[in-house]
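In what follows, a structure is listed as structure tokens, so that the remarks can point back to it.
The values are calculated or read from the model by the stated rules, or taken from the named source; none is laboratory data. Since this is a predicted model, take the numbers as computed values, not measurements. Reconstructed Cβ throughout: ideal geometry from the backbone, glycine too, with neighbour counts over all protein chains shown.
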Amino acid sequence: MELAGQIRRRRKEMGLSQEELAELIYVSRQTISNWETDRTYPDVQSLLLLSSLFDTTVDELIKGDVEMLEETREQDVKRMNRLSWAMCAFTLLSIVVILYGGIIAEWPLAATLVSGLSLLGLALMPAFEVERLKKKHDILTYAEISAFEKGAEVDRTAPASVRVRTHPMRSAVLKTLVAAAIGALFGFASTYLISAIMC
């Protein structure tokens, strides 16, 4: 990102070492090194101190980075949408395979379930990638995902957002239980339907 180069360039123009700059803005030398090598990004307070020290505005310091972050966000939105469609397609395909194999083709029960559940397993791969992208952008609720996709400000102070962030374990357990219930229902219905038709 451009900020890393700006910090390095402006520090050298002022004749400061990383250690000296670190002392002036109350961080460690390693932190400055991480900023200059683009491993980490300064927090708001550090950006304000840097802009004051370098006699520039925060906007000027991060201008290129904001454009790059917006471009990255747009790419990630497109990727999330593609992955969501892939997840839905594999899920529907698994249902079609189970119904086709059990009802029309009269495959053995084991072959039908293995084929259908294998496709359902493939649906999990895009789901895991969507979760990684959500974590990258710190979006957890449907409202946050919707705002993120529209390029709007993500409101992390909404009651649902606060609840999810305050009790992450409860949210994870609830999601797991809902997913397990849906999976069990799907598995039971598929098995019952196929065995009823085959008998």
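Points worth noting:
- Residues satisfying the stated conditions in segment 111-139, i.e. over 19 Å from residue 72 (Cβ atoms) and modelled with pLDDT under 85: 113
- Among the residues of segment 82-126, those that are under 30 Å from residue 40 (Cα atoms) and surrounded by fewer than 17 Cβ atoms within 10 Å (Cβ to Cβ) comprise 82, 84, 125.
- Selection status of residue 30, outside the structural domain of residue 144 (by TED's automatic domain parsing), modelled with pLDDT of 90 or more and within 30 Å of residue 6 (Cβ to Cβ): yes
- Residue 56 out of contact with any strand residue (DSSP E or B) (no Cβ under 9 Å at 6 or more places or on another chain) and exposed (fewer than 14 other Cβ atoms within 10 Å of the Cβ): yes
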